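Input: a single structure, listed below in structure tokens.
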Amino acid sequence: QVQPVESGGGLVQAGGSLRLSCAASGRTPSGYWVAWFRQTPETGRQFVSAISWTGTTLYAESVRGRFTISRDDAKTTVYLQMNSLKSEDTAVYYCAADARPLNYYDPQKYDYWGQGTQVTVSS
């Protein structure tokens with residue numbers, strides 16, 4: 001079983017940057033997709049970005065060009081580099097993993113979730 005653990009959230013001014021990390025504890029997530037979702041009190045869990053085991057990346061239109069997803073050489077940690085942050089990026093960010101999500105953009109297709117990390121962007 002893969003257990004994602006997020007870190008790196010915090011408070012940043014608009015226009016600033018943050019890097020989130022998602023480390024896999026438990027078994028090595030060989031072959032897994034890892035995704036980032038975010039959630040506010042007003043919204044459901046929304047897709048942000050995802051990366052496959054082979055390095056294919058997906059982005060939500062709202063973050064394309066500002067956020068970059070990557071993973072380390074050991075493929076045990078996934079990063080989300082967030083640049084040019086806006087107040088609307090404020091949310092709890094969750095890392096999720098699944099061996100074969102049938103819909104990469106649907107949070108219900110991911111079996112393993114982290115506890116979430118708060119990102120607050122002040123304007």
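Excluding ligands, DNA and RNA, what is the solvent-accessible area per residue of the chain at a probe of 1.4 Å, expressed in Å²?
Details: 6170 Å² over 123 residues.
That works out to 50 Å² per residue.
Extension gain for Ser87 to Ala99 (0.36 nm times residue separation, less C-alpha to C-alpha distance): 1.0 nm.
The calculated FRET efficiency for the pair Thr120 and Ser30, based on their C-beta separation and a Förster distance of 35 Å, comes to about 0.50.
Ranking request for peptides 61-74, 83-96, 104-117: highest mean number of other beta-carbon atoms within 10 Å first, then the rest in descending order. Mind showing how you got there, number by number?
Working: 61-74: 13.8, 83-96: 18.7, 104-117: 16.3.
Going by the mean number of other Cβ atoms within 10 Å, highest first, we get 83-96, 104-117, 61-74.
Restricting the trypsin sites (Lys or Arg not before Pro) of the range 15-53 to loop positions (DSSP other than H, G, I, E, B) with no more than 10 neighbouring Cβ atoms within 10 Å leaves Arg27. For the range 5-61 versus the range 83-123, the inter-centroid distance based on Cα atoms is 5 Å.
With an 8 Å Cα cut-off and a minimum separation of 6 or more residues, compute the relative contact order for the range 40-93 in percent. All intermediate terms of the calculation are to be shown ahead of the outcome.
Values: 46 pairs, mean separation 14.7, N = 54.
Relative contact order for the range 40-93 comes out at 27 percent.
Length gained on full extension, Gln108 to Arg66, computed as 0.36 nm times the residue gap minus the Cα-Cα distance: 12.6 nm.
The values are calculated or read from the model by the stated rules, or taken from the named source; none is laboratory data. The shown structure was predicted, so the numbers you read here are calculated from the model rather than taken from an experiment. Positions of Cβ are backbone-derived with ideal geometry, glycine not excepted, and every protein chain shown enters the neighbour counts. Ligands, DNA and RNA are excluded from the accessible area calculation, which covers all protein heavy atoms including side chains. Shrake-Rupley method; radii C 1.70, N 1.55, O 1.52, S 1.80 Å.
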